[in-house]
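Here's the structure we're looking at; comments come further down.
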Amino acid sequence: MKPPGKLALIKDSWSISAIVLWEISELSELGRSEIDLEYPELVRTLARIQTGSLTLEVCRTIQTLDFKGDSADEIIGSTHRTPGLSGDTGPANPTIQRVPLVF
């Protein structure tokens, strides 16, 4: 992992939707990504990140999204906006921020 990514992981609290892991696996299987879920540094990094489950609240939040996409994208967006799963305990962040992959 590059130094900016390491620093961000140390400084900030992170969370991802569980479906992100599924998408990484699918893209790798299809040959569209070289990310390997068995890569030791990735495994260590993911162990430090909260993984948001597909819950009733996440499903309800999908109905309030301001975009339509494939189901996986909507689950990711909804997880990001669901209080308690978005990395804080207050209201969910109203905007989705893209975070570059820095391995």
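Taken together, the values in this text are just the output of simple stated rules run on the coordinates, not laboratory data. These numbers come from a predicted model, not from an experiment. Note that each Cβ is placed from the backbone with ideal geometry, even for glycine, and that neighbours are counted across all protein chains shown.
Neighbour counts of other Cβ atoms within 10 Å put Leu21, Leu46 in the fewest-to-most order Leu21, Leu46. Its Cα centre serving as origin, segment 13-81 has a Cβ charge dipole (Lys and Arg +1, Asp and Glu -1) of approximately 340 debye.
Across segment 72-79, computed HN-Hα scalar couplings (Karplus, 6.51 cos²θ - 1.76 cosθ + 1.60, θ = phi - 60°) run 4, 4, 5, 5, 4, x, 5, 4 Hz from first to last residue, x flagging Gly and Pro.
Need the full-extension length gain, Glu41 to Cys59, defined as separation in residues times 0.36 nm minus the C-alpha distance. One decimal, nm.
On the way: separation 18, 0.36 × 18 = 6.48 nm, distance 3.15 nm.
So the chain would gain 3.3 nm between Glu41 and Cys59.
Equivalent ellipsoid of segment 13-81: semi-axes from √(5λ) of the C-alpha gyration tensor, largest first, are 24, 16, 8 Å.
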